[in-house]
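K.L.:
Quick one: structure below, then a few questions.
What follows draws every value from the coordinates through simple rules; no lab data is involved. Here the structure is a predicted model, which means the values were calculated and not measured. Counting neighbours? That spans all protein chains shown, and the Cβs are built from the backbone with ideal geometry, glycine included.
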Amino acid sequence: MSAALPSWLRVVSPIAVGLLIVVAWTLYVQFGDAPRALPSPIAIGQEFVLRWGIIWDDMLVTGTNAAIGLTVGAVLAVILAGLAAAWRPVDGMLAPLVAALAVIPIVAITPILNTMFGASSQFGRAAVATIAAFIPVFVNVLRGLRQTRPVHRDVMRASAATSAQTFRMLTLPTAVPYLMTGLRVAGSLAVIAALVAEYFGGPSDGIGTSIATYAKSGRAALAWAYVGGGILIGLVFFLVTALLERLVTRHAPA
Amino acid sequence: MTATTPTTDLAVQATGVGKVFPTKAGDVAALTEVELEVKAGEFVSLIGPSGCGKSTLLRLIADLDQASSGELTIFGKPARRARIDQDYGIAFQQAGLLPWRTVAANIGLPLELHKVGKAERDARVAELAELVGLTDFVDRYPDQLSGGMQQRVAIARSLAARPKLLLMDEPFGALDEMTREYLQGELTRIAAETGAAVVFVTHSIPEAVFLSDRVVVMSPRPGRITDVIETGLGEVRDEALRESPAYFEKVTAVREALHGTKVERANER
């Protein structure tokens, strides 16, 4: 075991590494023979500030699709995982389907969904995000619902708790940390899925669509600025879900 | 319902109780022909090596498992009825506290499950926290407590519904010796104050002797009762008792009963 880094160093060192990369990148673009698609960070930063209005609008589109996908996917996953945990036959029916769903690369069905719901509808994109978010939440919640410790079950039984009480006061709270882990994973996946789905048609808005458009039309700096917008969405989703996980699992056993 | 239940001064009565666990290699007899009576207010320890069925017997009394044969009554009722009527409280080797509940909410859990009103519940929880000396810790969470404190919460919880019978499965087994002796003293005080009968599973001879009115010695393969030893150490169980000749004599008696032979005197302190 190596000694833990002092806390200030843990904050400062990644920032230092990040700055170092930016400086190296800038120097490379300035003095090396960088490809045209790789503009300097300064140019990207300028575009980001200058075009913040349209970037923000497209962030809202992609972010909304991801949020809808995360919410609907998570709610569906919790309901179905609850059913699967309660009735073995449901589990037997769902498990192979979820396994099948999990191995399909979602991008593979995106063009189909986009065509199915039309070029002017966001539905296909939200649906892709829903599928992406559903899987980790379902798998984690189902596992969480089976994690009650024998001693806790004994305590509930010895206290003559009804099965509804046991579910509400023991099984459900035990599963909550697992739900949070699932949500954290699903949050990032939903953003990625919503963004990637835009590369395969649908309306002409959203972060992914814009990155593709500007990259093709030679406005590399703006394309990169949009990538920054995509990162921001991902960060927001990650931070919100990670914070939720922290709040909820404060007193979970280590 | 309660009016029709027969009254009896026996907390536990087991007649010819046996328990068989089916396994792939055939049935395993965990307990055979257990005859045991525990009087109201009496402190009885079950002691024996691993596999002697002492925990199994406790779980049968608690209706956490069902006996394969024989008859088992708790205050004259079948075990299942007694469990539903909350006639007993139980504590395990693991405290088994719910980590997302505060100490107060953990102690009050059995009351909450039985729809006891909030005001009454709060009053009872305060009383129990006082009894186990945790009044200043009621708002803490279990992960903020030491092992000994967690176990005291578990004991308070087992007392919540004012049971006349306490079942304890090695509740101090995971604690260090100092905490253990302290909690043993506390337990005898609590048992005396509440007047509850206690069935206490342990594998520690000094613990069994210090706490009990009677020590039930059990033996494995198949699990059965081989001896019952009256300690006759009286009401007061304090630190002085741990040094008394009467206490050592009983420790030796239980040890001999466990080993089935006379133990060399040189083994004694």
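K.L.:
For a footprinting-style exposure proxy, rank B:LEU183, B:LEU128 by other Cβ within 10 Å, fewest first.
P.N.:
Least crowded to most crowded, the residues run B:LEU183, B:LEU128.
K.L.:
Please report, in cubic angstrom per residue, the volume enclosed by the convex hull of the alpha-carbon atoms of the range B:172-238.
P.N.:
So the per-residue Cα hull volume is 94 Å³.
K.L.:
While we're looking at this one, here's another question. Direction-averaged shadow area of the convex hull around the Cα atoms of the range B:56-113, nm²?
P.N.:
Over every viewing direction, the Cα hull of the range B:56-113 projects on average to 4.7 nm².
K.L.:
Roughly what would the spin-label model give for A:ALA86 and B:GLU130, points 7 Å off Cα along C-beta, in nm?
P.N.:
Label-label distance for A:ALA86 and B:GLU130, simple model: 4.3 nm.
K.L.:
Give me the net charge of A:TYR226's neighbourhood, meaning all other residues with Cβ under 12 Å from the Cβ of A:TYR226; Lys, Arg count +1, Asp, Glu -1.
P.N.:
Overall, the nearby charge balance is -3.
K.L.:
Within the range B:35-61, whose backbone N sits under 20 Å from a point 7 Å along Cα→Cβ of B:THR23?
P.N.:
Only B:48-60 pass the distance filter.
K.L.:
When the Debye formula is applied to the Cα atoms of the range A:1-115, each taken as the same point scatterer, what base-10 log of I(q)/I(0) results at q = 0.14, 0.20 Å⁻¹?
P.N.:
The Cα Debye sum returns log10 ratios of -0.97, -1.09.
K.L.:
With only alpha-carbon atoms counted, please give the Rg and Dmax of the range A:55-182, in Å.
P.N.:
When restricted to Cα atoms, the range A:55-182 yields Rg and Dmax of 18.1, 60 Å.
K.L.:
Follow-up. Place +1 on the Cβ of every Lys and Arg and -1 on the Cβ of every Asp and Glu in the range B:21-65, take the dipole about the Cα centre, and give the residue among B:PHE21, B:PHE43, B:THR32 whose Cα lies farthest towards its positive end.
P.N.:
Projecting each Cα onto the dipole axis, the largest value belongs to B:PHE21.
K.L.:
On to the next question. Roughly how many whole Å is it from the C-alpha centroid of the range B:97-143 to that of the range A:109-166?
P.N.:
Centre-to-centre (Cα) distance: 33 Å.
K.L.:
So, one more: By what distance, in whole Å, do the Cα atoms of the range B:116-269 stretch along each of the three principal axes, largest value first?
P.N.:
Sorted largest first, the three principal extents are 57, 30, 29 Å.
K.L.:
If you don't mind, there's one more thing I want to ask. Between A:ASP154, A:ASP57, A:ASP91, find the one with the highest GNM mean-square fluctuation for chain A; connect C-alpha pairs within less than 10 Å.
P.N.:
A:ASP154
K.L.:
Take every Cα-Cα distance within the range B:3-159, group them into 5 Å bins from 0 onward, and report for each bin the whole-number percent of pairs it holds.
P.N.:
Pair shares across the bins are 2, 8, 15, 17, 16, 15, 13, 9, 4, 1, 0.
K.L.:
Something else about it: Pairs of Cα atoms under 8 Å, at least six residues apart: use those to get the relative contact order of chain B, whole percent.
P.N.:
Relative contact order for chain B comes out at 25 percent.
K.L.:
Starting from the Cα gyration tensor of the range B:140-204, take the square roots of the eigenvalues, sort them a ≥ b ≥ c, and report rounded, prolate or oblate (rounded when a/c is under 1.5, otherwise prolate if a/b is larger than b/c, else oblate).
P.N.:
Cα axes put the range B:140-204 in the oblate bin.
K.L.:
Just the ratio, please: alpha-carbon radius of gyration of chain B over 2.2 N^0.38 Å, N its number of residues.
P.N.:
1.02
K.L.:
Could you pull out every whole DSSP H run in chain A that spans at least 30 Å of Cα extent along its own axis and averages -1.0 or higher on the Kyte-Doolittle scale?
P.N.:
Qualifying helices: A:7-31, A:52-86, A:123-144, A:172-197, A:220-248.
K.L.:
Ok, one more. Let a ≥ b ≥ c be the square roots of the eigenvalues of the Cα gyration tensor of the range A:1-55; is it rounded (a/c under 1.5), or, if not, prolate (a/b larger than b/c) or oblate?
P.N.:
It is oblate, given that a/c is not under 1.5 and a/b is not larger than b/c.
K.L.:
Let me ask something else. Using Cβ counts within 10 Å as a stand-in for footprinting exposure, how do B:MET218, B:MET178, B:MET149 rank, fewest first?
P.N.:
Sorted ascending by nearby Cβ count, the order is B:MET178, B:MET149, B:MET218.
K.L.:
Which residue fluctuates the most in chain B, going by a Gaussian network model with Cα springs under 10 Å, if the choices are B:VAL201, B:VAL17, B:VAL153?
P.N.:
Of B:VAL201, B:VAL17, B:VAL153, the Gaussian network model singles out B:VAL17 as fluctuating most.
K.L.:
Would you list which lysines come within 30 Å of B:LYS54, measuring only between C-alpha atoms, while excluding same-chain residues fewer than 8 positions from it?
P.N.:
Output for B:LYS54: B:LYS19, B:LYS24, B:LYS39, B:LYS77, B:LYS164, B:LYS250, B:LYS262.
K.L.:
Same structure again: Compute the FRET efficiency between B:ASP176 and B:SER50 as 1/(1 + (r/R0)^6), taking r as their Cβ-Cβ distance and R0 = 22 Å, and round to the nearest 0.05.
P.N.:
Efficiency at R0 = 22 Å is approximately 0.55.
K.L.:
If you don't mind, there's one more thing I want to ask. For a quick check, take a GNM of chain A with Cα springs below 10 Å and name the residue from A:SER159, A:SER40, A:SER217 with the largest mean-square fluctuation.
P.N.:
Comparing A:SER159, A:SER40, A:SER217 in a Gaussian network model of chain A, the most mobile one is A:SER159.
K.L.:
Kirkwood Rh over alpha-carbon pairs of the protein assembly as shown, then Stokes-Einstein at 37 °C and 0.692 mPa s: what D in µm² s⁻¹, rounded to an integer?
P.N.:
In µm²/s, the coefficient is 117.
K.L.:
Taking Cα atoms of chain A, Rg/Rh with Kirkwood Rh, to two decimals?
P.N.:
In chain A, Rg relative to Rh is 1.08.
K.L.:
Considering the zone a paramagnetic label at A:TYR28 would reach in this model (a point 7 Å from Cα along the Cα-to-Cβ line), which residues of the range A:210-254 have amide N under 20 Å from it?
P.N.:
A:215, A:219-229, A:231, by backbone N distance to the label point.
K.L.:
For the range A:50-109, what does the equivalent ellipsoid look like in terms of its semi-axes, each the square root of 5 times an eigenvalue of the Cα gyration tensor, given largest first in whole Å?
P.N.:
Calculated on Cα positions only, the semi-axes equal 35, 15, 5 Å.
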